Amino acid sequence: MLRPRGAFFERTIEPLELHVSEALIEKLKNEIAAVEHPRELAVDVMMALQDHHGYLSDAARDQAAELLGMSALEVDELATFYTFIFREPVGRYVIHVCDSLICWMAGEENIVDHLRQQLQIDFGQTTADGLFTLLPVCCIGYCDRAPAILVNRRVHGPLTNSRLDELLQKYRAEAAEKPGSNV
Amino acid sequence: MPTLTIDNRPVTVPDGTKVITAAEQLGIMIPRFCYHPALGSVGACRVCAVGFKEGPIKGVEMSCMVDAQEGMVVATDDPDAVDLRKHVIELLMLHHPHDCPVCDEGGHCLLQDMTISGGHGRRRYAGAKRTHLDQDLGPLVQHEMNRCIQCYRCSRFYQQFCGYRDLGVTGIGTRVYFGRSEPGTLESPFSGNLTDICPTGVYTDKPSRFYGRRWDYERAPSVCIHCSLGCSLTVSARYRKAVRHEARFNAQVNGHFICDRGRYAYAYASQPERPRDALIAGRPATLAQAATQMSERLAAIEKGTGPDGIALMGSARSSLETQALLARLHSEKGWRTPCFSADDAATRVVSSALNTLNATNTIALTEIEGADTVLLVGADPIGEAPMLALALRQAQRDGSRIITVDPRPVTLPCAHDHIAVSGDDLATAVAHLIIGALEPSREIALDADQQDRFKTLKQETRDIPAAAELRAIGHALTTAWRPAFVCGTTVPDPDVPPLMGLLQALVQTSCMWSGLFFPLPGANTFGAHCLGGSDALFEPLLAAVEAGQVKALVVVENDLFSEYPDQQRLAAALESLELLVVMDCVPSAITARADIFLPTQTIYEAGGHYLNNEGRLQVATPVIAGGLSIMDTGGGNHPPREFREDIPGGTPRPAWQYVAGLATGETDPPDVKPLLDEALTAGVADGERVSLPSASREWPSIERIGAGPEGDAGGLTLIESAATFGSEPLAAFSTVLAELTPLFGVTVHSETAQRLGWRAGDRIVIPDSAPALEVVVTLDDRAAPGVLLVPRRIGIDRTALRRYMAHLLAE
Ligand code: SF4
Ligand code: SF4
Ligand code: FES
Ligand code: FES
């Protein structure tokens, strides 16, 4: 099934712009200065800024461009290529569901249906409470734990519906306990 | 040189030729989307598949990725290849809209052609298509992203070929998107080429959108007259309106591309304000009346003053035909020698530059791409000759070193070393380069006489801040294999081009190939030099007018006010004339003052010959007959049902015809080739370079270099130089280009700004300027300190600007 572009870029939450610490900028500048081609560090810089903001906002993209001596477009070219860099705001927990062969054989479609039902969102969307974003991903190298998902880049599997429920419950509880803090 | 067989026909090609190119030599066009001769092969689209039957490779392969090799047998009609191509096309069409009838590319679309010829006339896929949002890319290029087939030509062209960084490819998979980060005007002055290279309708020409299909247009090969490079164009016109310029391939000059100034410059020819009727004292008259009156009044004046009382003014934008007839008018009537530019400073540099060129040291634009070092002195390619910047970029991508020596902060779309040298020091800078090239070098042998001269040169050349750096570069030049020497002809003084010639001649002895390239101020400046004697200066002419010696002035296709800096003085002088005759195709400050005005045809109607900056003779073919466009007379409806024998607005005649009327009365266009032959004492053919009589290799005049203006360091100088948009008199009428023309501004070094108490972004309102002129201050530390740099801008009050700047300089 083709997923229309819009679904991936639906904007659900307004970003909270955080001030990037001088220390982080200094650190990135030093790292960039140490390599031959600043571009080599584009992904690292984008990741660092994303970890800070929760996603790579336009402002963060521009900051990355400035640090790396690249144009905004050149940063965007890379940012939009990678599954793990978000150019739109995402929920506190980003769930990547592996949709590649082994997971599919092991019941990926059930996992997806269950998540859709539980979270009331489709791929590319974020729950109204801002907690979860659902995205597909191709093989993440945990075929031995198929069907597998990533939540904030941490792997979980093999999964069943009840195991999924437990996971969601755990993250909800964590969010209730420590509101606001990301990752 | 492998020999291979393609579709049963043998062909021998140079090593490294791709099979797709080898096939072209046999006239076989293998389908392609991603391959483009200028951009090379990437193997992205898979539509150029052919069958390899015999030889080192077997099976179906991409002809754009495989080098032609000895003994290959290739079948483009191999059933497997044909089938593959058919499926590739079907795949590419999956997401493509089915609405060719409303797409402006329809009719000249590669995808359309391939889809039909590939046998995919009917869609089988009935599912949903991926769609994209389009972006507003500015006034030149229309964006319709749904039509994309991911060939990557646009991003490769924009970024790799041109070196601009605001358009490219984002996303992955079906979301791959070609565009900008955010909607906005494209930054590249070569962006219009996207409309030529995109094989589908993603990028189409915005100003001419929906004006016609390819087959509706009258099309003809032409030449760009919006700078001296003379790029090859194909002009499209419909309903008597030229509405599109496309790049026409020219292996020596522009290759496959042109710049946006040239591409979108045509609007002047059909602007509503274009003067189309003859005027006597500002009132409409017939051509015959005006022409008769012109001859009679000129004859009367001549009777009173003698032939000296009549002066002729031509221009660098006229065709050779017009220039030649002005020269003939002078020789037949004895009227004053025609002058072709009111900018004497530039005329002096041009003469010395063209006296430096000869048959063996001139190089063509595309040859610069093959240089391994390019030295530019007093030349700003992006402003003066945009396509030169693209050639430099190709050289640089190939590993060439580019060096700019200039008072202006020259920017190029490629890495280059910039040495800021004040305008007065440019000659001295080249002297240092010469010293550097000769001093520690064993590569260049000098005879005894040259040794002497060199010694004097060394003693006399005064020190300048960048001397050491320049000498190092001079030395590096002697180790280059293929150095090219570019010298501007508006900013440097007349000593610079011959010095560059000397440097080139010296370095020539130690390298494999080298040459000179001089961008000139106007499209046909070279022609004026050959035929008209470009040495005639304007200042004496003006003085003669003021002194009452010249009573009549005939001005042909030249708005003197945009060339001559002191507009007030010029206006007063023109006022004192008994008769001012003006012939032009555009309205200007001078057409309004004419006693007799004759409307001329544009290049689209008259065609003509032009000599580009290297002296290449090029022909523009007429595209339309002339007259008001029925799009305008009909106001979008059926044109008026009114019976008349002539074409409304079709009065204008080629300028040369009016001039001929004054001289010999001939009505056929003059054959310029014999005239050129005569002037140059050498044969010449279309598309070939004329050779100027061999230049002398004078050693630099020592006084100039040694005793140049010394106390310079503290002084300020004003430099007015050409910008990409807004400077060229015809292109300046283009409304779409006007949108791209930046605010008028002055660029200075931050030290200089400090001295003047300026800050970046300051707006200076020029006192007593009409129309009111505001100047925005920009700081750039790559400019030479002390230089106030402003762009040439048609239609501004230069007198007030200069007055204000002069007052600054005086303080
Ligand atoms: S926009 Fe045109 S040139 Fe660019 S990739 Fe798509 S089809 Fe090719
Ligand atoms: S570089 Fe000059 S001649 Fe070529 S297209 Fe541009 S303006 Fe015309
Ligand atoms: S297929 Fe899902 S982790 Fe490999
Ligand atoms: S032209 Fe050969 S793969 Fe596209």
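Just so it is clear, none of the values below were taken in a lab; they were calculated from the coordinates. Every value quoted in this text rests on a predicted model; they were computed, and no experiment measured them. Every residue, glycine among them, receives a Cβ derived from its backbone with ideal geometry; neighbour counts consider all protein chains shown.
Averaged over residues, the count of other Cβ atoms within 10 Å places the peptides A:169-176, B:468-475 in the sequence B:468-475, A:169-176, highest first. For region B:574-580, the Karplus equation 6.51 cos²θ - 1.76 cosθ + 1.60, evaluated at θ = phi - 60°, returns couplings of 5, 4, 7, 6, 7, 9, 10 Hz by residue, with Gly and Pro reported as x.
Of B:227, B:109, B:148, the sequence from fewest to most neighbouring Cβ atoms within 10 angstrom is B:109, B:148, B:227. Each peptide in B:88-95, A:38-45, B:341-348 gets a packing score, the mean of other Cβ atoms within 10 Å over its residues, and the list from highest to lowest is B:341-348, B:88-95, A:38-45. Projecting the Cα atoms of B:501, B:590, B:157 onto the charge dipole of chain B (Cβ charges, centred on the Cα centre) puts B:157 farthest toward the positive pole. Counted residue by residue at 0.36 nm each, then reduced by the alpha carbon distance between them, the extension gain from residue B:58 to residue B:172 reaches 37.8 nm.
Taking +1 at the Cβ of each Lys and Arg and -1 at the Cβ of each Asp and Glu, which of B:307, B:192, B:95 sits farthest along the dipole of the protein assembly as shown towards its positive end, judged by Cα position relative to the Cα centre? Most positive-ward Cα: B:95. Converting phi to 3J(HN,Hα) with the Karplus coefficients 6.51, -1.76 and 1.60 and the offset θ = phi - 60°, region B:490-495 yields 10, 8, x, 8, x, 6 Hz in sequence order, with x at every glycine or proline. With a 10 Å cut-off around each Cβ of A:61-71, the average count of Cβ atoms from other chains is 1. Take each residue of peptide B:746-758, count the partner chain Cβ atoms within 10 Å of its Cβ, and average: the result is 0. Per residue of peptide B:170-182, the mean number of Cβ atoms on other chains within 10 Å of the residue Cβ is 5.
Taking Cα centre as origin and charging only the Cβ of basic (Lys, Arg, +1) and acidic (Asp, Glu, -1) residues, the dipole magnitude of chain B rounds to 2220 debye. Residues B:808, B:329, B:111, ranked from the fewest to the most other C-beta atoms within 10 Å, line up as B:808, B:329, B:111. A crude spin-label estimate for the pair residue B:94 and residue A:169, with each label 7 Å from Cα along the Cβ direction, gives 4.2 nm. DSSP beta bridges confined to chain A are antiparallel in about 55 percent of cases. Note on chain B: Lys pairs 8 or more places apart or on different chains, Cα atoms under 28 Å apart, count 12.
Here region B:263-327 is assigned +1 on the Cβ of each Lys and Arg and -1 on the Cβ of each Asp and Glu. Its dipole about the Cα centre then comes out at about 260 debye.
Evaluating 6.51 cos²θ - 1.76 cosθ + 1.60 at θ = phi - 60° for every residue in region B:68-78, the Karplus couplings come out as 4, 10, 4, x, 5, 10, 10, 10, 6, 9, 4 Hz, glycine and proline recorded as x.
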